[in-house]
Amino acid sequence: MKRIFVNEEWCLGCHLCEYNCAFANTVSAGKSKANEMAKALKGKKIFPKIQVEENDGIYFAVSCRHCTDPLCVKGCIAGALSVKDGVIEIDQDKCVGCYTCVLSCPYGAIMPAEDGHVAQKCELCTKNSCGSPACVAGCPNNAIVFEER
Amino acid sequence: MDYQYPEFEVVRNADRCIGCRACERQCANEVHYYDADLGKMMCDESKCVNCQRCVTLCPTRALKIVKSDNTFRENANWTMENIREIYKQAETGGVLLSSMGNPKPLPVYWDKILINASQVTNPPIDPLREPMETRTFLGQKPTEVKRDENGKIINNLSSQLKLEVPIMFSAMSFGSISKNAHESLARAATELGTYYNTGEGGLHKDFYQYGPNTIVQVASGRFGVHKEYLEAGAAIEIKMGQGAKPGIGGHLPGTKTVGEVSRTRMIPEGSDAISPAPHHDIYSIEDLRQLVFSLKEATEYKKPVIVKIAAVHNVAAIASGIARSGADIIAIDGFRGGTGAAPTRIRDNVGIPIELALASVDERLRQEGIRGNVSIVVGGSIRNSADVVKAIALGADAVYIGSAACIAMGCHQCRACHAAKCNWGIATQRPDLVKRLNPDVGYKRLVNLVQAWNHEIKEMMGGMGINSIESLKGNRLMLRGVGLNEKELEILGIKHAGE
Amino acid sequence: MNYVIIGNSAAAVGCIEGIRKNDKESTITVISDEKHHTYSRPLISYLLWGKTDEERMKYRPDSFYKDNDVTPILGKKAVKIDTKNRKVMLDDGKAVPYDKLLVATGSRPFIPPMKGLDTVENKFTFMTLDNAKALDSVLTKDSRVLIVGAGLIGLKCAEGILDKIGSLTVIDLADRILPSILDETGSELVQKSIEEKGVKFMLGTSAAEFDGNKAILTNGETVEFDVLVIAVGVRPNTELVKEAGGNVNKGIITDHFCRTSLPGIYSAGDCTESHDITTDTDRILALLPNAYMQGETAGLHMTGTDKPYDKAIPMNAIGFFGYHMITAGSYDGEKTVYADGENYKMLVTKDNLLKGYIMIGDISRAGIYTKLIREQVPLDSIDFELVKEKPQLMAFSLADRKEQLGGVR
């Protein structure tokens, strides 16, 4: 299965992946990017599903690894997390926001969603209109790639 | 008091800026910053070199850089630039430094030359249907075919460089450009079946694997030259001069001679790498001949030797000498050739256009009957595939591209290489900037560019009814001048359009 | 092969999913005394709170039994395991034969002997869906509710019902709330935040006597109430295994593959003991994730995959009225505390290992700490100073990061 891989050697810490992610999961994603992104994100705190870590000149982005033996899915008390065709999905309707998944994820890749009531995670842009991961498409230096390994 | 006024303005569309701060994080010149009190992005345009990095990365296209319309009381004689430079020198007392090629509005002869196409007779060839050869070989060509007693041909061909496309990447040293830029060039040359050139910085140990597609340079500073280095390359280039700064040497400041650069150049960390103006052992063609044969001897006559010179006034006579020195290839660098740093006055006023230099060299060598002694490679602002076709028709065997290669890798010609803060990760050694050029990306873009050009070259050749680059070589009948005077046409050896 | 599972919650589902990874053919029978499709018990408080409904709180989709070819026997209680004949006896007299059996009987509320409890009309426990529905049916907007027990169940119940009742008092014998998962500072912070929502706490006291709608406390005070919820603790349902001759301590004793001492019989979930690696002791870790993983381990082992369940730690992610906390491990060791307003964090280290942590308020990326505990990562192999500040992968070596994020092995 194709997965997102991050090569920190090429990560510039520009944080564009976070913004592209935040935009990808808004309703206007897919339309003329420059205007729609400004409309969707301007003046707002963003809640991306990918997060850049940085320290002392080292940068890398972290998003769900879509583990084959996922602790988050096993630990979900609501049965809201599941694996579908290798992609770990969250059913935010079922999620009650207990954050056992936050407790479980060894990568720190699941986080409370914007409203604070449910969890959110990278679903490889399978549930928005992007078609393929927006973080990958927008990475200026191929530091984030989406491929089979 | 600062007499200067910022050259550029940073225009931010406040409606679009989402405050992601990518511009701030990506500007090594620290133009952009976030003002917490105002709660918005601000900028100090005086630091802007207009490299377009922020513009390119801005996800909402909220930025543009424009030329400041603040005007000095300039006129046709006292231009802004002249006034600005005087202020600068009056302030600093220093020699002005510049980067990249001559930007002056001197004639670009490529743009005054037009290419022929076949019509009814000698019909054009469709490169999509017919084979079309862009492969070429560089090196001495024997004057006669020799046969043994059985009538079989004796191979009397000296070592040659085989190029799948008549385009090579010109010399840019590791030091003047980054390791990632070098890797991009090396990998692209390998995939394209052509060559890149180490410049005078030595060959990084990681890149010996690309040796079969590497031209190793020996310049006046002899930095990084050793036996393995010479043996690693496919050819050796003796650099006598450079188009951007004919007659002067090079200077890599100690601040850039760090880490791998110093190791590769084999000089102490932090020491200035000064390449003298002349080779201290070359004061004549005879001296040059000695170096050519020393290098050949050292590499068992397996590698062609290139002698690279800048296009200067008596370039034809110089080339004639080189063609008799034992060199296999002459590389001529025109006055628009790029550089990582050169004194502005030299860059802008010394040397001659490559088109004229090429035409006169080719013509002179033909007249003297020694054209076959050498191949001719020209560089110095080859900007597109039409320039390549015109150069070959004027008599070149192949071209070198440097600036175009840099642009393919992301260079936006801001011409601030000498500041060593290249935001595109090309002309810098700062690790945080170097990493901005991922060779996986850079190499692919170079391959794309050259492949695209090669397609276009085939199209143009097909249009002329020519199916091999060898048939185009020196075929000046395929060229016509426009808006050129008699003298220019005479030197170029072409007729005026309509003739 | 006949796989039989007694129980229908997380451990049972884990077992089914474990079995089906290896064996798509054999029959699986699930026996449960509850008549419901598998649902998430911890969600009953959210059901009352209105954050979920019966449909959404199903632990697996409606098609789960069908998709996994499971025969559910619901509403029937397993009363005996006949180990000799390998049969599970049901309360209707029927017998279900098994080759491999999972006992996932869970736990039941513990109701301590309290004087006058029989005089209380509306008294409830809070464990099952039916408990929750029963409780809900008597609540009115004027109800005065008394909850005995300020632990996880009692407080989740409080959260679930507060909006729909008149007043709510929680009493506990302990002098602070959630003593099993929080330290004193943490208890204080959380208590304060719950009090701000309108819950009244009476701590360090217990009900000496009930008298109809009145509780007389040991400290002499009296609390009047309309509805009583008893949430003082749970007891594991170990009887089936015990009576069949299996080894039982406080909970059913199992090995790393969740096998009991009885041949062919496994046990998982709240009825068992796990080996807590943070204290190196065997104890009941009544937590849903553990139950699932034990069940899965059992299911895998039944079908030939030896994947040990050997990384058990106590851990909890819970929130009350939007104030969240995540805790894990044990708190015996050197403590490092970070406090900033509503955010509180305590890390416990011992023997070059992270042993436990508490995060309250800001819980982001807590799983990285959990990993350090669970994987017993030597702290001198990472940049612990960095990770102390906040959980981050930056603290790991470049090689680790390449493996974790870059897929480099």
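Just so you know, all these numbers are worked out from the coordinates, no wet-lab data involved. Since we're looking at a predicted model, the values are computed, not measured. Note that we place each Cβ from the backbone using ideal geometry, even for glycine, and neighbour counts take in every protein chain shown.
Legend: P(r) of segment B:8-94 from all alpha carbon pair distances, 10 Å bins from 0, whole percents, reading 16, 40, 24, 18, 2. Overall shape: oblate for segment A:1-129, with the ratio a/c of the largest to smallest alpha carbon gyration tensor axis at 1.5 or above and b/c at least equal to a/b.
Normalising the average separation of contacting C-alpha pairs (under 8 angstrom, six or more residues apart) by the number of residues puts the relative contact order of segment C:117-232 at 37 percent. Footprinting exposure proxy ranking of A:Val52, B:Val450, fewest other C-beta atoms within 10 angstrom first, gives A:Val52, B:Val450. When the listed pairs A:Lys74/C:Lys100; A:Lys39/A:Lys127; A:Lys121/C:Lys402; C:Lys51/C:Lys141; C:Lys307/C:Lys371; B:Lys303/B:Lys390 are checked against a 25 Å cut-off, the alpha-carbon distance exceeds it for B:Lys303/B:Lys390. Hydrodynamic estimate: the Kirkwood radius of segment B:155-232 over Cα pairs, inserted into Stokes-Einstein at 25 °C and 0.890 mPa s, corresponds to D of 193 µm²/s. The charge dipole of the protein assembly as shown, taken about its Cα centre with unit charges on the Cβ atoms of Lys, Arg (+1), Asp and Glu (-1) only, comes to about 2080 debye. Residues C:Thr218, B:Thr134 in ascending order of nearby Cβ atoms (within 10 Å, fewest first): C:Thr218, B:Thr134.
Once the Cα atoms are used to define both axes, helix B:80-92 deviates from the longest principal axis of chain B by about 70 degrees. Legend note: in chain A, cysteines whose Cβ sits 4.7 Å or more from every other cysteine Cβ are A:Cys11, A:Cys14, A:Cys21, A:Cys67, A:Cys76, A:Cys95, A:Cys98, A:Cys105, A:Cys139.
Taking the C-alpha atoms only, the angle from helix B:179-192 to the longest principal axis of chain B is near 40 degrees.
Taking a straight line from the alpha carbon of C:Lys76, these lysines sit under 17 Å away, with near neighbours fewer than eight places off in the same chain left out: C:Lys35, C:Lys87, C:Lys94.
Does chain C classify as rounded, prolate or oblate by the C-alpha gyration tensor (a ≥ b ≥ c root eigenvalues; a/c under 1.5 gives rounded; else a/b over b/c gives prolate, otherwise oblate)? In terms of gyration-tensor shape, oblate.
If I fit a long axis through the Cα atoms of helix B:439-464 and take the longest principal axis of the Cα atoms of chain B, what angle between them do I get, 0 to 90°, rounded to 10? Long axis of B:439-464 versus the principal axis of chain B: about 50 degrees. Taking every Cα-Cα distance in chain B and sorting them into 20 Å bins from zero, the calculated P(r) comes out as 22, 54, 22, 2, 0 percent. Between C:Glu121 and A:Lys2, the modelled label-to-label distance comes to 6.6 nm, taking each label 7 Å out from Cα in the direction of the beta carbon. The Cα atoms of the protein assembly as shown give a gyration tensor whose axes a ≥ b ≥ c have a/c of 1.5 or more with a/b greater than b/c, which makes the shape prolate. In this rough spin-label picture, where each label sits 7 Å from Cα along the Cβ direction, the B:Val66-C:Lys164 distance is 6.4 nm. Between the residues B:Asn155, B:Ala76, B:Ile354, the greatest Cα displacement towards the positive end of the dipole of chain B, with unit charges on the Cβ of Lys, Arg, Asp and Glu, is found for B:Asn155. Only bridges whose two residues both fall in chain C count here: according to DSSP, what percent of them are antiparallel, nearest 5? In chain C, approximately 60 percent of DSSP beta bridges are antiparallel ones. Treating each Cα of segment B:119-184 as one equal point scatterer and applying the Debye formula with no solvent, the log10 of I(q)/I(0) at q = 0.22 Å⁻¹ comes out as -0.99. Sorted largest first, the spans of the alpha carbon positions of segment C:322-406 along the three principal axes are 36, 27, 19 Å.
For chain B, the Cys residues with no second cysteine's beta carbon closer than 4.7 Å are B:Cys17, B:Cys20, B:Cys27, B:Cys43, B:Cys48, B:Cys58, B:Cys417, B:Cys422.
Taken about its Cα centre, segment C:322-406 carries a charge dipole of roughly 200 debye when the Cβ of each Lys and Arg holds +1 and the Cβ of each Asp and Glu holds -1.
Pairs over the 22 Å Cα-Cα cut-off, from the set B:Lys227/B:Lys256; C:Lys192/C:Lys311; B:Lys227/B:Lys296: B:Lys227/B:Lys256; C:Lys192/C:Lys311. Ordered by the count of other Cβ atoms within 10 Å of each Cβ, fewest first, C:Met359, B:Met240 give B:Met240, C:Met359. For B:Lys487, the aspartates and glutamates whose Cα falls under 14 Å of its own Cα, not counting residues fewer than eight places away in the same chain, are B:Glu355. Averaged over peptide A:105-113, the number of partner chain Cβ atoms lying within 10 Å of each residue's Cβ comes to 6. Annotation: amide H of C:Leu353 within the under-5 Å range of C:Leu379, sequence separation 5 or more or interchain, hydrogens built in the peptide plane.
For segment B:71-129, the direction-averaged projected area of the alpha-carbon convex hull comes to 8.8 nm².
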